[in-house]
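Structure record follows, encoded as structure tokens.
Each reported figure results from applying straightforward, stated rules to the coordinates on display, with no laboratory input. These numbers were taken from a predicted model, which means no experiment stands behind them.
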Amino acid sequence: MNDSVQHQQVIELAGVSEGIAHQEEGSPQHPPKFSIGDEVIWAYVKAHDYGMIVDCVWTTGTVHKVTGWHYLVGLHPNSFSYSFCQKDWAYEQDLELLGEFNKLEGKSLE
């Protein structure tokens, strides 16, 4: 199974099959801020769920209201939402690198 087919299956399982666009030549997108394997945290929500980037996609505003990079994050078992959600999608602007967040907050969530 090629990467494109696997990627589409992940997207369909997450319920976001419409509005997903792979990088297209000439599209106005910027490079992704985060890479697969980066540890990130939802920095601007109270629960501060955190985990590791497992995939990323460029989406258009047709479905999501936000055009840009969206990341599939595998939640850490100690994350608040892990008991009912092991993976979740996040907008790029909602995430921060976990290590940088910990330094700024003066604590460790790991």
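General observations
- Rounded to whole numbers, the Karplus 3J(HN,Hα) couplings from phi for the stretch 47-53 are 5, 6, 4, 8, x, 10, 5 Hz, using 6.51 cos²θ - 1.76 cosθ + 1.60 with θ = phi - 60°, and x at Gly and Pro.
- Each residue of the stretch 87-93 was assigned a 3J(HN,Hα) from its phi angle through the Karplus curve 6.51 cos²θ - 1.76 cosθ + 1.60 (θ = phi - 60°); the sequence is 9, 8, 8, 9, 6, 4, 6 Hz, with glycine and proline shown as x.
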